[in-house]
Amino acid sequence: MDIDYEDAFGYPLRGDGVVSRFLIGGGAPSLLVLAFFALAVLTIFLAPVGILILLLAPVSLAVGLLLSGYYVRVVRATYAGNEDPPSFGDWRELFVDGGYSVLIGLGYALPLVVLGIVVTVGFVALVGGGAAMGGSAAESAVAALGMLSLLLFALLSLLAMAYSLVVSYLYPISVCVYADTDDVRTSFSKERLLPVAKSSDYAVAWLVQAGVLFGIQTFVGMLTMVLIGYLLYPFLPFATFFVTVAAFYVFAKAYQNETGSAKVSNATGDGPSVRDDSQPGTETGY
């Protein structure tokens, strides 16, 4: 089944409660942006005010969990056949699903963290060993290690960029798997990930989402050179929320097209769930 992108970009604006959804999904991050800029400006005149910026960290984490949980709910509502976006109700469920969604992201980030620690420890050990030689030998060793470290840093930076690109491609699929199975470990299963990752439906959807977000951020970034862009920053979260909701709607459709087995969820939404019993022996509900 082909994906209708006109339908996808109309999805975030459908159903009841559009204003309340965007006030939460775009308004909360926007308020954080405004609070950060306000505190940053005040810090110029009153340095102690800068400590208040640290208080934004837990608030930002809470908002991030909330939105991550909502995107999981969008996927489940799509599996259930709801053509309207779900509401933000049942906050506990949103935070729990958001926590698991973030946990999936941390699982993908773990290899980079481990690699960074190993490289840092190894470099410190090599420099320490070279310094222990003493005299001109130590200077030569430190200089050689400096050149080696630069080359290694460049190589690792390229590897990190490539890995980050792969992760950004696979992460939405993992979220779709989690929304389908409620199992974080299964979200990393190659048997679940690869068929969807290789499908043209998902590849096109991911490219469209990435391209739109990149275009919006680039446009606003260019306008900052004439200061107008700074006035648009508070509106970026609204645009990001709109595009991300539409994207996860399409990702869920692509996942269903490829697997044909996504279960019906009891996601909170505006509209009745639709059961699909066309798959023999497949559970379509909780």
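Here, each number is a calculation from the coordinates, and none is a lab measurement. The model shown is predicted, which means the values in this text are computed figures rather than measured ones. Here the Cβ positions follow ideal geometry from the backbone for every residue, glycine too, while neighbour counts run over all protein chains shown.
Mind running the shape call on the range 1-94? Use the C-alpha gyration tensor, a ≥ b ≥ c as the square roots of the eigenvalues: rounded below 1.5 for a/c, prolate if a/b tops b/c, oblate otherwise. Each step should come with its number before you reach the end.
Working: a/c = 3.36, a/b = 2.48, b/c = 1.35.
Verdict is prolate for the range 1-94.
I need 79, 108 ordered by Cβ neighbour count within 10 Å, fewest first. Walk me through the numbers before you get to the answer.
Working: 79 25, 108 18.
So the ranking, lowest neighbour count to highest, is 108, 79.
Counting other C-beta atoms within 10 Å, which of 91, 206 has the fewest, and how do the rest follow?
On the way: 91 10, 206 20.
Fewest to most other Cβ atoms nearby, the residues stand as 91, 206.
Starting from the Cα gyration tensor of the range 15-259, take the square roots of the eigenvalues, sort them a ≥ b ≥ c, and report rounded, prolate or oblate (rounded when a/c is under 1.5, otherwise prolate if a/b is larger than b/c, else oblate). Show your work: numbers first, answer last.
Values: a/c = 2.19, a/b = 1.40, b/c = 1.56.
Oblate is the answer for the range 15-259, as a/c is 1.5 or above yet b/c matches or exceeds a/b.
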